[in-house]
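To start, the structure itself, in structure tokens.
Nothing in this text is a laboratory measurement; each read-out follows from the coordinates by a stated rule. The structure displayed is predicted, hence computed values, not measured ones. Every residue, glycine among them, receives a Cβ derived from its backbone with ideal geometry; neighbour counts consider all protein chains shown.
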Amino acid sequence: YPDMFAAADLMVLSKVDLLPYLKFDLARVLDYAYRVNPRLVMLPLSATSGEGFDDWLAWIRSGLARTGASCKPSTECMS
């Protein structure tokens, strides 16, 4: 996985609402990821609570704007 993290701009961590119930060391994961790519942005997501979805969509829109791309008219960039 190191190559994947080295090339990535964003790391999406889904199901964060389950973290209190799992043996998952988030600090350790982030430490390893940032060692490989210090510029990596980590975005926590939860479909249950909706946490992070606005930030994720903003990140996608920002990327589209930087490239000059646009959304299909039917999606209207989920605005």
### Message
I'd like the full set of residues that are surrounded by 12 or more Cβ atoms within 10 Å (Cβ to Cβ) and over 13 Å from the mean Cα position of the chain (by Cα), limited to region 7-32.
### Response
D17, L19, F24, L26, V29, Y32
### Some residue of region 34-52 being of a type in the set (K, R), outside any helix (DSSP H, G or I), surrounded by 13 or more Cβ atoms within 10 Å (Cβ to Cβ) and free of Cβ contacts under 8 Å to residues at least 40 places away in the same chain
no
### Message
For the condition out of contact with any helix residue (DSSP H, G or I) (no Cβ under 8 Å at 6 or more places or on another chain) and not hydroxyl-bearing (S, T, Y), what is the one hit in P20, P2?
### Response
P20
